[in-house]
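A.B. asks: Before anything else, here's the structure in question.
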Amino acid sequence: MIPTYQELMTPVLERAREGEVKFRDAVDDISNELKLTDEELSELLPSGKQTVIANRIGWAKTYLSKAGLLNTKKRGFFTITDRGIEALNSGQNIDNKYLKQFDTFNSFHGQSSEIKVVDNTLTQDDEQMTPDEVLRRAYEKINDSLSTDLLTRVRAVSPIFFETLLVDLLVEMGYGGNEEGAAHALGRTGDNGVDGVINQDPLGVDQIYIQAKRYAGGNNVGASDIRDFFGALNLKKANKGLFITTSDFTQSAVQTARDLGSRIVLINGQQLSKLMLRFNVGCRDVETLHLKRVDEDFFDN
């Protein structure tokens, strides 16, 4: 398991005690000392632009620098200070609690500890996470809450509105060519759902047959519904099917779809709401936050 950024503070200091350290070399050396697996070494942040171990070592270095235990004035390098040597010689556990004895750290930590989540289950004070991990967790919790709200609203709309919603979503996902063509391809059955066909490409060369059920939670789609849909696909000599429900699929329904091959794709309520979030259907962006970090290559001269 990759250590937390606080658990990496001592290794960072020990590496710096050997002399001036290049950040990239510190990441490699500490990773080797910890005997991290290839999987751990390659684990990336959600952004895909930095490894987790490099991110946590970077935050350990930042916190130690703010407390005056490291000096990072030279581009891309850091060195240990007298205060850092004293910390190592003290034999104490070096973590945020230890660093709070220094005013410079308290000033920095106070400015960066304002992130809160409404239910108080996640705060910047969760000492196991770096600040950007806290931000990402908060983002996930906000989206999970929004996803639940979206699904509740979708279950309450009229069949006509549900049809329009699915058309909008499929068009945003790149199907149907345009809204007019997609709307024409889908038709209501009047039974709390939508059955139809949509073009997979603008010219309608390839088509996907769709069955959608606007069901309440707990009213799950069963295996017989999947078999019926499979039979309908065979009658139409279709090779692709999409079954959407606002509830879920029973285990037997999922297994039936697997046994029938990859012709039928199942999308349950949770997946539907996640797609709506991803493609901004029924929701919209209200604020964009750009998470940045120092470009070590820029300062690597």
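Where a number appears in this text, it was derived from the coordinates with a stated rule and is not lab data. Treat the numbers as computed from the prediction; the structure is a model and nothing was measured. Here Cβ is always computed from backbone atoms with ideal geometry, including for glycine, and neighbour counts include all displayed protein chains.
A.B. asks: What is the distance in Å between the Cα centroid of the range 81-100 and that of the range 1-26?
C.D. replies: Each part reduced to its Cα centre gives a spacing of 13 Å.
A.B. asks: Here's another thing I want to ask about it. Find out how many positive minus negative residues lie around Glu86, taking Lys and Arg as positive, Asp and Glu as negative, among other residues whose Cβ is under 15 Å from that of Glu86. Don't jump to the answer; show the numbers that get you there.
C.D. replies: Working: positive: Arg17, Arg83; negative: Glu14, Asp82.
Every neighbour counted, the sum reads 0.
A.B. asks: Of the peptides 151-158, 264-271, how do they stack up when ordered by the mean number of other Cβ atoms within 10 Å, highest first?
C.D. replies: The most tightly packed comes first, giving 264-271, 151-158.
A.B. asks: Could you list, in their original order, any pairs among Lys73/Lys292; Lys97/Lys274; Lys22/Lys292 whose Cα atoms are separated by more than 28 Å?
C.D. replies: Working: Lys73/Lys292 20 Å; Lys97/Lys274 39 Å; Lys22/Lys292 21 Å.
Flagged as over cut-off: Lys97/Lys274.
A.B. asks: Compute the Kirkwood hydrodynamic radius of the range 9-112, taking the inverse of the mean of 1/r over all pairs of distinct Cα atoms, and give it in Å to one decimal.
C.D. replies: On the way: mean 1/r = 0.0702 Å⁻¹.
Hydrodynamic radius (Kirkwood, Cα only) of the range 9-112 equals 14.2 Å.
A.B. asks: Determine the gain in length on full extension of the stretch Glu40-Thr152; use 0.36 nm per residue of separation and subtract their C-alpha separation, reporting nm with one decimal.
C.D. replies: My answer for the length gained is 36.5 nm.
A.B. asks: Sticking with the crude label model, points 7 Å out along Cα→Cβ, report the distance from Arg284 to Asp103 in nm, one decimal please.
C.D. replies: Calculated label separation equals 4.9 nm.
A.B. asks: Which cross-chain or sequence-distant (5 or more) residues have an amide H under 5 Å from the amide H of Gln207, H modelled 1.01 Å from N in plane?
C.D. replies: Gln200
A.B. asks: Further, regarding this structure: Compute the orientation-averaged projected area for the range 220-289 from the convex hull of its Cα atoms and round it to one decimal in nm².
C.D. replies: For the range 220-289, the mean projected area of the Cα convex hull comes to 5.9 nm².
A.B. asks: Using +1 on the beta carbon of Lys and Arg, -1 on that of Asp and Glu, and nothing else charged, what's the dipole of the range 194-283 about the Cα centre, debye to 20?
C.D. replies: 60 debye
A.B. asks: Continuing with this model, one more query. Show me 64-74, 128-138 ranked by packing, highest mean number of other Cβ atoms within 10 Å first.
C.D. replies: The peptides rank, most packed first, as 64-74, 128-138.
A.B. asks: Here's a follow-up. Which order, highest average first, do 86-95, 211-220 follow once you tally other Cβ atoms within 10 Å for each residue and take the mean per peptide? The partial results should precede the final answer.
C.D. replies: Numbers: 86-95: 14.1, 211-220: 17.1.
Descending mean neighbour count gives 211-220, 86-95.
A.B. asks: Here's another thing I want to ask about it. What FRET efficiency comes out for Thr250 versus Met1 if R0 is 35 angstrom and r is the Cβ-Cβ distance? Round to the nearest 0.05.
C.D. replies: On the way: r = 36 Å, r/R0 = 1.03.
With a Förster radius of 35 Å, E is 0.45.
A.B. asks: Assuming 0.36 nm per residue, please report the length gained on full extension of the stretch Arg227 to Asp295 beyond their Cα-Cα distance.
C.D. replies: 19.0 nm
A.B. asks: So if the hydrodynamic radius of the range 1-69 is defined as the Kirkwood radius over C-alpha pairs, what does Stokes-Einstein give as its diffusion coefficient at 37 °C and 0.692 mPa s, in µm² per second? Walk me through the numbers on the way to the answer.
C.D. replies: On the way: Rh = 12.2 Å.
Answer from the Stokes-Einstein relation: 270 µm²/s.
A.B. asks: Sticking with this structure for a sec: For Lys74 and Asp29, what is the calculated FRET efficiency with R₀ set at 25 Å and r taken between the beta-carbons, to the nearest 0.05?
C.D. replies: Details: r = 18 Å, r/R0 = 0.72.
Using R0 = 25 Å, I get an efficiency of 0.90.
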